[in-house]
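Here is the structure we will look at.
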Amino acid sequence: MQVPLLDLKAQYAAIKNEVLAAISEVLESQQCIGGPKVAELEEKIAGISDCEFAVGTSSGTDAILNSLMSLDIGPGDEFITTPFTFFATVGCIVRTGARPVFVDIDPATYNINPELIEQAVTNKTRAIIPVHLFGQMADMDPIMEIVNKYNLAVIEDAAQSITSTYKGRKAGSIGTVGCFSFFPSKNLGGAGDGGMVVTNDEELYNRLKIMRNHGASPKYYHKFLGGNFRLDPIQAAVLLVKLPHLDGWSEARRGNAVFYDEKFANTVVKTPYISPDCVSIYNQYVIRVLKRDELVAYLREKGIGCEIYYPLPAHLQECFKHLGYKQGDFPEAEKAAEQVLAIPVYPELTDEMKDYVVETIMSFLC
Ligand SMILES: Cc1ncc(COP(=O)(O)O)c(C=O)c1O
């Protein structure tokens, strides 16, 4: 049996006609930049995120970069974030000229450990970027306490966590801005790259809109140095077709997670810990095992897709050498990088496929 990590063909088969019709509508209109599809998606994503405003962007990376540039972040500023994240979080900070200051993770949730944040605050700290990893939001209350005490901005990297909640509050709605990715493997994924920023701050919203168009307002008169961070209307059209399915897909992922949780209970496989404050959308189902690299080879041999998110924490990446961090600085992130493994959790998985995944993992470990 073959069980890929993700099967987008199965998803596409179920909505193919609607997707093709939506793309055709954009092509027929020849409104190839901006337009009603982008505006409609922005309104709907703001709505499901409990935010007033949303600005479509060309990717999740550009959602973060646009946010940083719109907040006027740059050289001399420090950003507190987690080293255990996808590269983009940290890459964007460094691209603005600001300095990322890392704080280790909570080993249970893999999200930034709020207890370690305050000691990292200096008079240069401008903002905190919590990353809501794998579909679960970071512990936002203690983070917001520090933010309010030191008057900082918060950029929620919610690329993997659209519609997930913390104490009933939606990802992206607690901080200054929230950033989503529509990379195809996300719970809401386009037919290519896309992203969005949500906010309740109207002034910032206006800046984000101008910034994504090279900082021009009016056209050809540039207030700020921005970029081309625009969301493609063909992507918006595809995402509008998929959006009504999002909750059902996330629910199916949660069902698959429960299945695995039960099967792996009382075994050596450490299953994901979801805080009682959170509802996860399980963009990934990440287990933790000791002989991880051997298990990866075994699963691949048996036709099971799996992936390591992430094998090297940000503070140890070659391109961030100049920041001066070293092995041992963030032991929990480093240990997680050696032990985590994402296994298939996508909505279309059958019980037979999940059973095969569980049996294969157990036959290797026992
Ligand atoms: C945590 C995190 N941040 C940022 C991004 C960047 O999003 P994109 O790939 O859409 O640029 C991703 C997605 O891959 C992500 O997982």
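Take the Cα radius of gyration of the chain and divide it by 2.2 N^0.38 Å, with N its residue count; two decimals is plenty. The partial results should precede the final answer.
Numbers: Rg = 20.4 Å, N = 366, 2.2 N^0.38 = 20.7 Å.
So the Cα radius of gyration is 0.99 times the expected 2.2 N^0.38 Å.
Which residues' amide hydrogens lie under 5 Å from the amide hydrogen of T57, considering only partners 5 or more residues apart or on another chain, with H built in the peptide plane?
The answer is G195, M196, V197, L231.
So which GluC sites (Glu not before Pro) in segment 1-77 pass both tests, a DSSP loop state and at most 16 other Cβ atoms within 10 Å of the Cβ?
Those that pass, being in a loop and sparsely packed, are E52.
Going out from 0 in 10 Å bins, what whole percent of all Cα-Cα distances in segment 51-194 drops into each bin?
In order of increasing distance, the bins hold 13, 46, 35, 6, 0 percent.
Can you tell me what share of the DSSP beta bridges in segment 68-216 is antiparallel? A percent to the nearest 5 is fine.
Working: 8 of 22 bridges.
Percentage antiparallel, nearest 5: 35.
On a 31 Å Cα-Cα criterion, which of the cross-link pairs K9/K44; K9/K321; K149/K270; K291/K321; K209/K242; K37/K302 come out too long?
K9/K321; K149/K270; K37/K302
Please state the equivalent ellipsoid semi-axes for segment 258-316: what are the square roots of 5 times the Cα gyration tensor eigenvalues, largest first, in whole Å? If you can, show how the numbers build up before the last one.
On the way: eigenvalues 88, 61, 27 Å².
For segment 258-316, the ellipsoid semi-axes come out as 21, 18, 12 Å.
Over the chain, what is the relative contact order in percent, taking alpha-carbon pairs closer than 8 angstrom and at least six residues apart? Present the calculation step by step, with values, prior to reporting the outcome.
Details: 764 pairs, mean separation 82.9, N = 366.
Relative contact order for the chain comes out at 23 percent.
For a quick check of your reading of the filter: which chymotrypsin sites (Phe, Trp or Tyr not before Pro) in segment 187-289 sit in a DSSP loop and have no more than 15 other Cβ atoms within 10 Å?
Those that pass, being in a loop and sparsely packed, are Y220, Y221, F224, Y273.
Note down the nm distance, to one decimal, between modelled labels 7 Å out along Cα→Cβ at I33 and at K270.
Here the modelled spin labels are 5.0 nm apart.
Please report, in whole Å³, the volume per residue of the convex hull around the C-alpha atoms of segment 1-135.
On the way: hull volume 22.9 nm³, N = 135.
Dividing the Cα hull volume of segment 1-135 by its residue count gives 170 Å³.
So for each of 29-39, 237-247 I average, over its residues, the number of other beta carbons within 10 Å; can you give me the resulting order with the highest mean first?
Going by the mean number of other Cβ atoms within 10 Å, highest first, we get 237-247, 29-39.
Using Cα-only point scatterers and the Debye equation, what is log10 of I(q)/I(0) for segment 280-366 at each q in 0.12, 0.16, 0.23 Å⁻¹, rounded to two decimals?
Treating every Cα as an identical point scatterer, log10 I(q)/I(0) equals -0.45, -0.71, -1.12.
Work out from phi, with θ = phi - 60° and the Karplus expression 6.51 cos²θ - 1.76 cosθ + 1.60, the ³J(HN,Hα) of each residue of segment 124-139, listed in order in whole Hz, and give x for Gly and Pro.
Working through the residues one at a time gives 9, 5, 10, 7, 10, 10, x, 10, 8, 7, 6, x, 10, 6, 5, 6 Hz.
Can you list residues from other chains, or at least 5 along the same chain, whose modelled amide H is less than 5 Å from the amide H of G215?
Here the answer is G226, G227, since their amide H atoms fall under 5 Å of that of G215.
HN-Hα J couplings of segment 333-342 from phi, Karplus 6.51/-1.76/1.60, θ = phi - 60°, integer Hz, Gly and Pro as x?
5, 5, 5, 4, 4, 8, 10, 7, 8, 8
What nm distance separates the two modelled labels at E43 and K167, each placed 7 Å from Cα along Cα→Cβ?
For E43 paired with K167, the spin-label model returns 3.2 nm.
What list of ³J(HN,Hα) values in whole Hz, one per residue of segment 304-319 in order, does the Karplus curve 6.51 cos²θ - 1.76 cosθ + 1.60 (θ = phi - 60°) give from phi, with Gly and Pro shown as x?
My calculation for segment 304-319 gives 10, x, 7, 8, 9, 10, 9, x, 9, x, 4, 5, 9, 6, 4, 6 Hz in order.
Quick one: which residues, 5+ away or cross-chain, put their amide H under 5 Å from the amide H of K270? H built at 1.01 Å from N.
R288
Any chance you could check the Cα centroid distance between segment 163-240 and segment 254-300 for me, in angstrom?
31
Taking Cα centroids, how far is segment 118-132 from segment 332-361 in Å?
32
Measure off 7 Å from each Cα along the Cα-to-Cβ vector at S363 and S24, then give the distance between these two points in nanometres to one decimal.
4.6
Just so you know, all these numbers are worked out from the coordinates, no wet-lab data involved. These numbers were taken from a predicted model, which means no experiment stands behind them. Quick reminder, even Gly has a Cβ in these numbers, built from the backbone with ideal geometry, and neighbours come from all protein chains shown.
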